[in-house]
1. Summarise the partner chain shielding of A:42-54 as one whole number: the mean count of Cβ atoms from other chains within 10 Å of each residue's Cβ.
2. Using only DSSP helix segments of four residues or longer, with each worth -39500 (n - 2.57), what per-residue ellipticity at 222 nm results for chain B after dividing by its residue count and rounding to 500?
3. Just checking the output field for C:29-40: average partner chain Cβ neighbours within 10 Å of each residue's Cβ?
4. Helix by helix through chain C, keep the DSSP H runs that span 15 Å or more along the axis on Cα and average at least -1.0 on Kyte-Doolittle, and give those back in order.
5. Quick check on chain C: helices-only [θ] at 222 nm, where DSSP H runs of length 4 and up contribute -39,500 (n - 2.57) each and the sum goes over total residues. Nearest 500, please.
6. Comparing B:D12, B:D346, B:D45, which has the greatest mean-square fluctuation in the GNM of chain B with Cα pairs linked when under 10 Å apart?
7. State which entries of A:K137/C:K225; A:K42/A:K214; A:K42/A:K137; A:K12/A:K75; C:K17/C:K76; A:K75/C:K76 exceed 25 angstrom in Cα-Cα distance in the structure shown.
8. What does the charge count around A:G128 come to, taking other residues whose C-beta lies under 11 Å from its C-beta (Lys +1, Arg +1, Asp -1, Glu -1)?
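Coordinate-derived values only; no laboratory data. Everything quoted here is computed from the prediction, not taken from an experiment. FYI the Cβ positions are ideal-geometry reconstructions off the backbone, even for glycines, and counts take in every protein chain you see.
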Amino acid sequence: MNFAFSVQGLTKRYPHFHLGDLDLRLPEGQIMGLVGVNGAGKTTLLRILTGLALPDRGQVEVLGLPMPGQQVAVKRDLGFASEDMRLYRSRTLRWHMDLIARIYPGWDEAYASELLRRFDLRADQAVGGFSHGQRVKALLLLNLSRRPRLLLLDEPTTGLDPVARAEVLEALAEVLRDEQRSVLFSSHNTHDIEQLADTITFLHQGRIVASEEKERFLDLWRRIVCQGDAAFEQVDWPEVAAARRSGSLVELKVRRFDDGIRERLAAGGLAVQSVHPMSLEDIFVTTVRTGGAA
Amino acid sequence: MQAATATARRHDMDSLRALAMLAGVVFHAGLAYSPMVQPLFPTADRGNAVVVDATLWFLHLFRMPLFFVVAGFFTAWLVERRGLAGLFRNRVRRILVPFLVFWPIVHLALTRSTLHAAATVEHPSPLLQWVAQGQRDGELPGAPLATGHLWFLYYLMWMYVLVWCLRALTSEPSGSAAPAWARVLGRLAALPGWVWLLVLPCLLTPSLASVTAPHPAPESLLPRFWAFGFFGPFFAWGYLLRRHPETESRLDRNAPVLLVGSLVAYSAWFFLVSGRSVEQATASSSWPVALLGAFVSVWMTSVCLTCGRRWFGRPSAPVRWLADASYWIYVVHLPVLFAIQYRLMDLDWGWSLKYFVALALTYAICLVGYQALVRHGPIGWLLGGRSHGRRVASSVPPVPST
Amino acid sequence: MNVGAIDIPMVRLLVAKDWKLFEKQLAAYVLAGMVALAFLGNAKPWSFYVGSLLLLIVLVAAACFSISTSLLVERKEQTLGFVMSLPVSPLDFYVAKLAGNLITFGVPFVVLSAGTVAVILLTPLPDGLLVFAVLVFGHVLLAYSVSLGVAMAVESEGWNTFVMIASMVLVNPFLMGIGQIPAITDHLQTDTIVLSAPALAILAAQALLSTGIVVLTGWVHCRKKSFY
């Protein structure tokens, strides 16, 4: 299997933050959502993948080539947009488009024009006058129109109004129809991730706390409401991520749910009243709070 | 003639530029017989006549202004077709490189022939006497490092730099709004013709008033304010003509009046200026003289543009050949002319015969040289921008040359 | 630093990009430089003074400008990440910035120093001044290299501003310093150009240090751990 990127034993140390050691791979043609709170290490990981930051240790391969050694070749097929990246304020979007078009032979002018229309952007306006949403869309346009094989997006939907967010997500969804293209995008908004990603990785305090296919995540996690007076200790099983009592009601959040759990709960004096699927956000919050693997 | 289409060759402008260049030979040859520059000119002859002054200084007032209008015109054309980067690439090859190549050669040739003349001529001019004296005393200072008659090439490069500066400084980041420089040109183009004819001379007057009358050639390597103030507006005029072709024929019907007006103004100018040598002229000419000179410059330039459109609008092989040769002739004519005139100084001919012989020989030598050595050789390529030994078909838009 | 790995077309594109970005300011400097030259050409003592002062201002401004706009502003305005996300290596980026600076600072520097040399040699000014003038230009070049190196290597805006101003202002003590060396000052008012041992040593030190700093800066830059 070809991987859009793979990192092994990756560590990066800053004075107040430590990333690693990470092992992570993204098969080609997939979209991975990177979920984590602010400061979890998402941006650092993305920067390392683009060569903007160098790791202290570990091996990084992007599009089959080692980084940062082959960064020029890699970046020819790479799109990267991050929240803190700015365009030249005094120049128009057209100027930026021309610059990018000269660098990337794969620049698709027709697609760029279509995105201009869809994003409602004015190419002859100086970028300095753009709103945050317009800036994000402009960056996305510059990246998407060069048709990269791997698109790395750092918080692309953060701070966008609902309309702009929908536009951006739609454009991204379109990229995914092409099975040769891969996307890694980070967000602390799990709804966006849930909408788009095939694979989801939870990053917390510089460590990967979970990395699974989205469907598996949603299949495995359940919220179970039971009734009974049994003590908590009785359900201190590895698959129970969280437990909360309210009167005679007990709410359990379970990773790796299966039908055997009902019987084990009943045997322990807890009658299962209802079993609910969990949202990704709920799964994420539960995972982060327990600090353990999903 | 109607405004040219974007790609048609402008035979009138080509011819006017050639005339301005060829008239330079007439001008420089005539200075030898001008009473006004007797004390200053190396080839100053024993024979001279006021009529030479009267003719030469009239020509002097509009020859180079006309040249700068044509240069501005072709500059705008080049920018239109090739952009600013293209302009600079072209101008470096066509103007800067020839300047750097020919300047030392011309400088050396002129210095050599003048030193030789100072030592050998029996009837030397005051300047030659001074050189000879210096040679005898061993106190002859080296020739000053100046651009000589090639000053216009040097100034053209500055003009191109100015074009870039002004365009860059007034450009708008947004592509939707016209840049300020284009708006200003548009407004100037919209002004009625008489405003140009009356206001432009007034704008030129301070520059002319700051130098002697007749105005000198700005030969110093350090750029001079007055030269920009005087020739710059003519360059801008040409630039505007190209950007707004509708203005080209606007002044045509005024040409007879302008010609008569210029002759009247020039008579007054000449009356005020003649009778003194350039040496005696004060550092600054008087304001009335400057104003009259400015009017003659603007009006006669306008008359020449009209004449160009009327008489040189159609292609003509001999005129074309002469136009191609004119750059070369102008660049090399001065050493040839001086060498001839130094030899003529000791002959007892009348000034008019000497003038004629000097002119005819200079043209002949330069033209023969052009046809034999230059036209199909690397120098022709350098000066003419055409491909080696091959004529460009007339349907192909030419590289506008300057 | 593998010099063979420099992607020349990309470097040219980056320089062209910076040129377009800063064209307006550059045009203003060129125009100011032309005005200064024209003042010099006026051949009056006051205008000579105004012209040479204006030229010096243009030179120092061009030096500070080329460093601050091309390097510090790129970082401050967070456009560095954008540039570095393009297919460029740190070496390409460094070479492009160096080349851009050579144009924005180098051209006025060469013109001004050549002009000064010409003025000293071709005018009645004593030719002995030449050594002094060359040493001053050597200092400006060194100060520029230091500022450029610090701007490439140090992110703090405060330090950069400090180094830029301090290195240029140090020309004063430098002038006083070389004024104390008899081997240099003895020939100041004469028409003989004497390249004394101390003068040569200072000049060599300036040249070596300037080159060394530029090379070292490139080396450090290519070993940096982050480019955003």
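1. Details: counts 0, 1, 1, 0, 0, 6, 1, 0, 5, 7, 8, 6, 6.
For peptide A:42-54, the averaged partner shielding equals 3.
2. Values: 13 runs with 262 residues, N = 402.
Computed ellipticity for chain B at 222 nm equals -22500 deg cm²/dmol.
3. Working: counts 1, 6, 7, 1, 2, 7, 3, 2, 5, 9, 3, 3.
Per residue, the number of nearby Cβ atoms from other chains is 4 on average.
4. On the way: long enough: C:8-21 (20 Å, 0.69); C:23-41 (26 Å, 1.28); C:45-67 (33 Å, 2.07); C:90-101 (16 Å, 0.33); C:107-122 (22 Å, 2.49); C:129-153 (36 Å, 2.23); C:157-169 (18 Å, 0.88); C:197-222 (37 Å, 1.60).
Helices passing the filter in chain C: C:8-21, C:23-41, C:45-67, C:90-101, C:107-122, C:129-153, C:157-169, C:197-222.
5. Details: 11 runs with 166 residues, N = 228.
Estimated from H runs of four or more residues: -24000 deg cm²/dmol.
6. For chain B, modelled as a Gaussian network with Cα springs under 10 Å, the answer is B:D346.
7. Details: A:K137/C:K225 29 Å; A:K42/A:K214 18 Å; A:K42/A:K137 21 Å; A:K12/A:K75 21 Å; C:K17/C:K76 17 Å; A:K75/C:K76 23 Å.
Those over the limit are A:K137/C:K225.
8. Net charge in that neighbourhood comes out at +3.
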